[in-house]
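The values are calculated or read from the model by the stated rules, or taken from the named source; none is laboratory data. Given the structure is predicted, the values throughout are model-derived calculations rather than measurements. Every residue, glycine among them, receives a Cβ derived from its backbone with ideal geometry; neighbour counts consider all protein chains shown.
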Amino acid sequence: METFRIAVIAGDGIGREVIPAGMAALEAVTQGSGTTLEFIELPWGCDYYRTHGRMMEEGGLEILAKFDAIYLGAIGAPTVPDHVAVWDLILPIRQRFDQYVNLRPMRLLPGLASPLASRAPADIDMVCVRENSEGEYAGLGGRVHVGTPHEAAVQTGLFTRHGIERIVRYAFRIASARPRRLLASATKSNALQHSMVLWDEVAERVKAEFPAVEYRKYHVDALAARMVTHPATVDVIVASNLFGDILTDLGSAISGSLGVAPGGNINPERTSPSMFEPIHGSAPDIAGKGIANPIGAIWAGALMIDHLGRRDLHDRLLSAIERVVAAGRVRTPDLGGRATTREMSAAIAGEIGAA
């Protein structure tokens with residue numbers, strides 16, 4: 001029996017509703033498998049901030065370092081500034097644990113309708129490999145003359161040859177393992193003459209290592225347009241922190257709903273724990289109503305169990321999601337139905353048990 005210790009940060013809003021659904025699905029899929037997940041819940045997030053003045057307890061990163069993985073729900077509340085919530089919890093975890101890969105599948109699942117007319121599942125099947133530790137979210141900059149008419153802010157992106165090379169190489173490896181073997185690089189080197197020119201130069205050198213992969217460079221605005229007009233021509237995307245953040249929300253939207261989209265913050269060398277989460281936010285407008293779509297959280301759990309070495313359990317869990325969605329009997333409101341979070345969770349757990 002192999003046991004993995006999982007730090008659970010349900011966080012805020014609908015995170016507290018979808019993470020229990022994900023945990024239930026993971027418990028169902030691991031039952032009798034020889035793998036056990038030990039969940040340890042940590043009450044961090046905006047409620048914790050309002051009480052303690054910080055998003056996680058002192059020494060929180062040292063606590064997390066002892067786990068095999070981190071399972072995150074959502075962070076954010078109207079009463080806490082977004083930059084505080086992100087910079088006091090999410091980004092410190094990503095940077096401290098060198099989770100330099102943000103992996104986000106974007107697929108139109110059978111049975112779902114895309115807002116793009118006449119698109120089928122074969123037309124929308126992408127993966128974004130987003131640089132997750134530097135770039136535009138490096139946190140470099142500051143403000144001066146605050147509160148005066150001369151107030152100014154500088155926000156500086158950090159792009160290193162090392163950081164670009166490792167994310168591009170990771171993306172080439174993902175692309176080489178997929179049937180179409182296509183890699184699109186998101187750039188803006190016509191306007192960002194320093195950072196994105198370096199990005200392009202490094203990508204051109206790395207591509208020589210992967211002759212079987214067809215590599216294409218797109219300006220990010222053109223790539224965003226292509227994802228809408230010709231999504232079937234896009235397979236794997238490699239992008240900077242900011243560009244990847246935006247493109248994956250677009251990719252999830254054209255896949256039917258942000259509620260189905262998972263994400264993994266991955267340390268490929270496994271020197272520190274990786275973190276897995278749905279890409280949606282805390283959705284305070286529907287929090288507490290019990291109608292949030294748990295598929296993104298459950299799919300993120302599948303990515304986590306895959307990272308922990310059980311690809312078979314990942315496949316079994318994803319197959320259960322696909323069967324429930326394809327059947328069309330259980331749909332949360334974001335998918336055009338009236339099912340609750342619990343009903344969707346129970347349907348997926350039932351499919352796992354029936355497999």
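Some notes on this structure:
- Qualifying position, being at pLDDT 95 or above, surrounded by fewer than 18 Cβ atoms within 10 Å (Cβ to Cβ) and of a type in the set (Gly, Ala, Ser), among Gly142, Gly73: Gly142
Yes or no, residue by residue, for (1) over 26 Å from Gly15 (Cα atoms); (2) surrounded by fewer than 23 Cβ atoms within 10 Å (Cβ to Cβ); (3) among the charged types (D, E, K, R); (4) modelled with pLDDT under 95:
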{"residue": "Tyr218", "(1), (2), (3), (4)": "yes, yes, no, no"}
{"residue": "Val228", "(1), (2), (3), (4)": "yes, yes, no, no"}
{"residue": "Ser272", "(1), (2), (3), (4)": "no, yes, no, no"}
{"residue": "Ala292", "(1), (2), (3), (4)": "no, no, no, no"}
{"residue": "Trp299", "(1), (2), (3), (4)": "no, no, no, no"}
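- There is no residue in region 78-101 that is assigned to a strand (DSSP E or B), of a type outside the set (A, V, I, L, M, F, W, C), within 22 Å of the chain's Cα centre (by Cα) and modelled with pLDDT of 95 or more.
- Condition broken by Ile237, with the remaining ones in (1) in contact with a helix residue (DSSP H, G or I) (Cβ under 8 Å, 6 or more places away or on another chain); (2) outside the structural domain of Phe172 (by TED's automatic domain parsing) satisfied: (2)
- Qualifying residue in region 69-86 (condition: closer than 23 Å to Ile167 by Cα, touching a residue at least 40 places away in the same chain (Cβ under 8 Å), touching a helix residue (DSSP H, G or I) at 6+ places or on another chain (Cβ under 8 Å) and not assigned by TED's automatic domain parsing to the domain that holds Leu318): no
- Among (1) over 14 Å from the mean Cα position of the chain (by Cα); (2) at pLDDT 95 or above; (3) not in a helix (DSSP H, G or I), the one test that Gly256 misses: (2)
- Residue in region 164-172 that is within 17 Å of Ile124 (Cα to Cα) and assigned by TED's automatic domain parsing to the domain that holds Val129 present: no
- Selection count where residues are without any contact (Cβ under 8 Å) to a residue 12 or more places away in the chain and farther than 21 Å from Glu343 by Cβ, scope region 264-308: 2
- Extreme residue, nearest to Val101 (Cα to Cα), among residues of region 111-139 that are among the polar types (S, T, N, Q) and surrounded by 15 or more Cβ atoms within 10 Å (Cβ to Cβ): Asn132
- For region 157-177, filtered to residues that are assigned to a helix (DSSP H, G or I) and of a type in the set (A, V, I, L, M, F, W, C), the residue that is nearest to Val234 (Cα to Cα) is Ala175.
- Test: residue in region 16-35 that is assigned by TED's automatic domain parsing to the domain that holds Trp87 and in a strand (DSSP E or B): yes
- Residue within region 53-62 that is among the small types (Gly, Ala, Ser) and assigned to a helix (DSSP H, G or I) present: yes
- Candidates Asp312, Asp249, Asp285 - the one that is within 20 Å of Cys128 (Cα to Cα) and either acidic (Asp, Glu) or in the same structural domain as Ala171 (by TED's automatic domain parsing) (or both): Asp249
- Val129 being under 20 Å from the mean Cα position of the chain (by Cα) and either at pLDDT 95 or above or part of a loop (DSSP other than H, G, I, E, B) (or both): yes
- Single unsatisfied condition, Ile6 versus (1) touching an Asp or Glu at 6+ places or on another chain (Cβ under 6 Å); (2) buried (at least 17 other Cβ atoms within 10 Å of the Cβ): (1)
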